[in-house]
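Please read the structure below before turning to the comments.
Computed from the coordinates by the stated procedures, all read-outs in this text should not be read as laboratory data. Please read these numbers as outputs of a predicted model, since none were measured by experiment. A quick note on method: Cβ atoms are made from the backbone with ideal geometry, for glycine too, and the neighbour counts reach across all protein chains shown.
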Amino acid sequence: MTASPDSQDLALLAELADARRALTRSIAQRIVGQATVVDDLVTALMAGGHVLLIGAPGLAKTLLVQTVAEALDLQFSRVQFTPDLMPSDITGTELMEEEAGTGKRAFRFVAGPIFGNIVLADEINRAPPKTQAALLQAMQERTVTVAGRTYELPRPFFVLATQNPIEQEGTYPLPEAQLDRFMFELTVGYPSREEEVQIVTSTTGATSGTVTPVLGGGRLQAMQQLVRRLPAPPSLVEHAVRLVRATRPDDPGASPRVRQYVSWGAGPRASQYLVLGAKARAALDGRAVPDLDDVRAVMRGVLRHRLVLNFQAEADGVTADSLLEATG
């Protein structure tokens, strides 16, 4: 059972709430609108989770990730996924080098772009499965193995991936095992008319917004540890588990629509992320104990990419979001 926060944790909690406001203001210097996406992205980072961003081209998904990295004063790496990308292009490789003077030869490991704090996997579904799989160990264990040797990745470590939902020709859909490693799938929508006017005005002038760093890596890790120390009431854990089990068509708690349209539901990792996401939301709001509203707030982001719908759902125009709308 998790102990209640002490005075030091409560002070850090207040600092976290202040940091959230400062972080939001800093990101807003360059990103117009997308308040919900920004909030969910920050929630995932505080919970230590990876995020998959889905949106049409030109909606500043890449810029958002880069801006968050600058606002958090973290090392940013970008990998543009293409059909000819190889696993070693991500993880790094060993090179044979000859020592000057002695002529001795030895292998030296050259780290790839995965060795960053925030790694942007741009258009992740453009690369073949062999290359996509290079991220699996990194996302789960925060390590990579090259030529039989395992290397620790920098901490904190996040993979923020983007995906274009329009073009599917020449792409490789992510396998369920890899989708399950993303804490959230967030949908980046079009801006409002007023926001689009502001975007065009601010990006066609001679100056651009300046992002002020708010948190460093060490402080961010302390806040992530605080999120995990926050107590989760048994009723909240039970509610999270009940929500996840209700997505499985063979579970007694599943609704008729879930039984009709879902082939496979979410696994236990979804329950973990619901609780962690609820804790992170509460902490960002300066609250020491999460409630059921926090679970409901993160439910769609956690569950939408974990439901495998059948052909009947596609034929009837049923989406994961529409099934989750009646849940909770």
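FRET efficiency for ASP285 and GLN312, Cβ-Cβ distance as r, R0 = 45 Å, nearest 0.05? Taking R0 as 45 Å, the efficiency between ASP285 and GLN312 is 0.65. Shown here is the pair-distance distribution of the stretch 99-197: with all Cα-Cα distances grouped in 10 Å bins from zero up to the longest one, the shares run 12, 36, 26, 16, 7, 2, 1 percent. Taking the inverse of the mean reciprocal distance over all distinct Cα pairs, the Kirkwood hydrodynamic radius of the chain comes to 21.3 Å.
In sequence order, the stretch 116-133 has phi-based couplings of x, 7, 10, 10, 8, 9, 7, 6, 4, 7, 7, 8, x, x, 4, 6, 4, 5 Hz under the Karplus curve 6.51 cos²θ - 1.76 cosθ + 1.60, θ = phi - 60°, and Gly or Pro positions carry x. In this structure the amide hydrogen of VAL146, modeled in the peptide plane, comes within under 5 Å of the amide hydrogens of TYR151, none closer than 5 places in sequence on its chain. Remark on PHE158: its backbone amide H falls under 5 Å from those of ILE118, VAL119, a criterion applied only to residues 5 or more positions apart or on other chains, H modelled at 1.01 Å from N. The three principal axes of the Cα atoms in the stretch 12-153 give end-to-end lengths of 57, 36, 26 Å, sorted in falling order. Here, P(r) means the percent of Cα pairs in each 10 Å bin from 0 to the largest distance; for the stretch 21-60 it is 26, 55, 20. Magnitude of the charge dipole for the stretch 232-328, about its Cα centre and with charges confined to Cβ atoms of Lys, Arg (+1) and Asp, Glu (-1), is about 220 debye. Would you be so kind as to identify which of LEU10, ALA111, LEU41 lies farthest towards the positive end of the dipole of the chain, taking Lys and Arg as +1 and Asp and Glu as -1 on Cβ and the Cα centre as origin? The one lying farthest along the dipole's positive direction is LEU10. Ordered by the number of other Cβ atoms lying within 10 Å of each residue's own Cβ, fewest first, PHE157, PHE311 fall into the sequence PHE311, PHE157.
Out of all DSSP beta bridges with both ends in the chain, state the antiparallel percent to the nearest 5. So the antiparallel bridges amount to about 40 percent of the total. The smallest convex shape that holds all Cα atoms of the stretch 74-113, its convex hull, gives 89 Å³ per residue.
How would you rank LEU274, LEU284, going from fewest to most other Cβ atoms within 10 Å of each one's own Cβ?
Exposure proxy ranking, most exposed first: LEU284, LEU274.
Taking other C-beta atoms within 10 angstrom as a stand-in for reagent exposure, ASP122, ASP18 fall in the order ASP18, ASP122, fewest first. Screening the chain for whole DSSP H helices of 20 Å or more along their axis (Cα) with average Kyte-Doolittle hydropathy at least 0.0 returns 7-28, 268-284.
Give me the Kirkwood hydrodynamic radius of the stretch 232-328 in Å, from all C-alpha pairs, to one decimal place?
Mean inverse Cα-Cα distance, inverted, gives 13.6 Å.
Stretched out straight at 0.36 nm per residue, the stretch from THR143 to ARG78 would grow longer than its current Cα-Cα span by 21.6 nm. Positive contributions from Lys and Arg (+1) and negative ones from Asp and Glu (-1), summed over other residues with Cβ under 12 Å from the Cβ of ARG259, come out at 0.
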